[in-house]
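What follows is calculated from the coordinates using simple rules that are stated; it is not laboratory data. Because the structure is a prediction, the values reported are computed rather than measured. No Cβ is skipped: glycine too gets one built from the backbone with ideal geometry, and neighbour counts run over all protein chains shown.
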Amino acid sequence: MSEKKTIHHVTYDLLRTLGLTTVFGNPGSTEQSFLRDFPEDFTYVLGLQEASVLAMADGFAQARRKPALVNLHTAAGTGNAMGSLVASYKANTPLIITAGNQTREMALVDPYLNNREATEFPKPWVKWSYEPARAEDVPAAIMQAYAVAMQPPMGPVFVSIPLDDWDKPALGPAVVRDVSTRVAPDADRLVHFAERISQAKNPLLLLGPEVDRDGGWEAGIAFAEKLKAPVFGSSLPDRISFPETHPLARGPLPMTIAGVHDALEGFDLVIAVGAQVFRYYPYVGGDWIPEGTDVLQITTDPHLSAVAPVGDSLIGSVRTALERLVDLVEVPADRPAPAPRQLPAATAPEPTAAPMKPELVYQVIATVKPENAALVNESTSTMAHQLTWCPTTQSDSFFATPSGGIGWGVPAAVGVALGDRERGVKRHVVATIGDGSFEYSVQAIWTAGQHRLPIIFVVFRNGAYEILKSFALLEKTPNVPGLDLPDLDIESLGRGFGLRAVTVDGTESLAKEFTAALEADGPTVIVVPTEPELPFLG
């Protein structure tokens with residue numbers, strides 16, 4: 001009789017079948033039994049800290065629109081990754097997260113590196129969390145984790161695996177299952193929504209991040225053009241779902257209750273597709289919507305339906321809904337299209353020495369970046385300038401964190417570039433990062449250098465947390481400590497991790513160094529001294 005295959009062997013066969021052959025991790029003693037004899041057809045992406053590891057996997061999964069596999073180091077590594085996990089959960093990123101745990105033989109005596117409440121630790125920021133009761137259940141648990149992660153709304157899942165499980169004999173080959181990744185909206189309710197949309201006299205269309213994630217870019221354009229309505233995006237967008245140079249594009253909604261109310265004035269119907277109703281940040285109170293304005297929401301996420309303070313909701317694939325609404329909605333032939341907004345032309349600014357205004361930095365980038373470049377933003381205080389000067393015109397091309405926590409952007413840019421490489425897409429990734437954000441996950445640039453990824457990190461060196469200074473004014477909280485960042489040598493940090501790194505002294509040198517970065521074999525860090533600028537919050 002042939003020898004039984006081990007859990008290790010059967011699990012790797014399962015991962016291979018599911019297409020999970022890239023593993024993001026930082027190996028620890030509780031994971032080495034999983035990683036031993038690492039298969040030649042698998043790729044291990046090493047990150048130097050788990051917050052970076054998980055955010056790299058997030059960017060990788062988003063760029064590919066496919067799940068990614070993460071391997072964390074028991075409780076300690078999972079704890080390091082929690083901030084990035086919040087972002088992945090809010091972005092509906094399908095991550096299969098595994099973490100080692102101490103051997104079952106010692107579990108009752110709580111040994112060193114034991115994760116006592118392994119399944120509780122990552123909650124509520126995972127869709128499902130499990131530690132198999134016996135070693136034989138590990139392959140089935142990973143299959144179930146994959147199924148949960150991929151069903152809408154997608155999201156991260158967590159499986160804790162004791163280190164002594166891998167050499168145990170398996171019961172047999174893993175059962176591989178295929179699951180639905182898109183659920184159609186209720187047909188009758190969609191017809192009802194179409195009737196209400198057809199009756200609207202002056203509608204507004206809000207296309208949120210779910211549209212881009214669901215592959216609904218073209219469907220969104222077709223529906224907007226059929227409707228002849230202005231198209232807004234969510235405030236502080238983490239994905240952009242409509243070409244910002246389109247005549248109907250209007251940019252993101254404001255961030256406050258009062259600001260959204262004022263922006264909706266005069267519209268009798270808001271159709272929010274793939275978006276929260278609405279994404280607010282600072283509190284500036286008021287009525288949710290103007291009198292005489294109704295809201296219809298279409299989302300894949302029951303939670304977003306439940307928390308909406310106003311409006312009626314329909315749950316299902318937003319791409320499918322948009323595709324069907326194009327045929328279902330009737331629009332008067334004589335409805336005039338709204339006048340297009342005016343975006344500035346991408347022309348080189350007058351030569352200006354550093355420190356520069358942030359707007360000038362984006363103006364320079366607009367003149368030299370490739371049209372197909374992917375943009376990753378984690379300079380919250382300057383994002384409005386980026387959306388103006390560097391408009392997104394293609395799907396899957398803009399990424400930012402939906403959680404509000406910083407430290408996601410740098411490693412996510414690494415993941416996007418790795419995802420592009422795997423799917424055969426040749427483009428540069430331009431990461432615009434605040435100097436404070438850069439320090440949170442600076443370890444990720446080492447991974448970018450090791451893989452020679454085409455990333456340009458543009459670091460805004462203003463020496464402060466400017467977004468927090470704006471909050472201090474809004475919330476009337478003077479004399480808050482810890483908002484300034486003196487004595488950071490970001491160029492030396494970049495060089496220390498093995499990257500090409502430069503500090504520019506004005507607009508002309510920025511254009512020159514950015515152009516050189518496009519020709520470089522690998523990533524570049526460009527440090528741009530900028531003037532402090534307080535963003536408008538509400």
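Take peptides 447-458, 281-292 and line them up by average Cβ neighbours within 10 Å, highest first, as a rough protection proxy.
Ranking, from highest mean packing down: 447-458, 281-292.
Only counting other Cβ atoms within 10 Å, I'd like Glu50, Glu136, Glu371 sorted with the fewest neighbours first.
In increasing order of surrounding Cβ atoms, one gets Glu371, Glu136, Glu50.
Take Phe278, Phe471, Phe223 and order them by how many other Cβ atoms sit within 10 Å, fewest up front.
Phe471, Phe223, Phe278
Per DSSP H run of at least 4 residues, take -39500 (n - 2.57); add these up for the chain, divide by its residues and hand me the 222 nm value, nearest 500 deg cm²/dmol.
-10000 deg cm²/dmol
Counting only other residues whose beta carbon sits under 12 Å from that of Gly251, what net charge do I get with K and R as +1, D and E as -1?
Details: positive: Arg250, Arg341; negative: Glu244.
Summing Lys/Arg as +1 and Asp/Glu as -1 gives +1.
Just the ratio, please: alpha-carbon radius of gyration of segment 358-529 over 2.2 N^0.38 Å, N its number of residues.
Details: Rg = 15.4 Å, N = 172, 2.2 N^0.38 = 15.6 Å.
Relative to the rule-of-thumb radius for its length, segment 358-529 sits at 0.99.
Of the listed values (1) -0.48; (2) -0.43; (3) -0.31, identify the label whose number matches log10 I(q)/I(0) by the Debye sum over Cα atoms at q = 0.06 Å⁻¹ calculated from this model.
(3)
Within 10 Å of each residue's Cβ, count the other Cβ atoms and sort Met56, Met383 from fewest upward.
Listing Met56, Met383 from fewest to most nearby Cβ atoms yields Met383, Met56.
Using per-residue counts of other Cβ atoms within 10 Å, averaged over each peptide, order 474-480, 205-211 from highest down.
Listed from highest to lowest mean packing, they are 205-211, 474-480.
Work from the charge dipole of the chain (Cβ charges, +1 for Lys and Arg, -1 for Asp and Glu, about the Cα centre) and give the residue of Ala321, Gly155, Leu54 farthest towards its positive end.
Ala321
Just to confirm a number: summing +1 for Lys and Arg and -1 for Asp and Glu over residues other than Val295 whose beta-carbon lies under 12 angstrom from that of Val295, what do you get? The partial results should precede the final answer.
Details: positive: Arg196; negative: Asp268, Asp294, Asp312.
Result for the neighbourhood of Val295: -2.
In percent, how large is the relative contact order of segment 74-117, given Cα pairs closer than 8 Å and 6 or more residues apart?
50
Net charge near Thr524: determine it from the other residues with C-beta under 9 Å of the C-beta of Thr524, scoring Lys and Arg +1 and Asp and Glu -1.
0
Per-residue counts of other Cβ atoms within 10 Å, averaged by peptide: what ranking do you get for 523-533, 140-150, highest first?
Values: 523-533: 22.9, 140-150: 20.8.
By packing density, highest mean first, the sequence is 523-533, 140-150.
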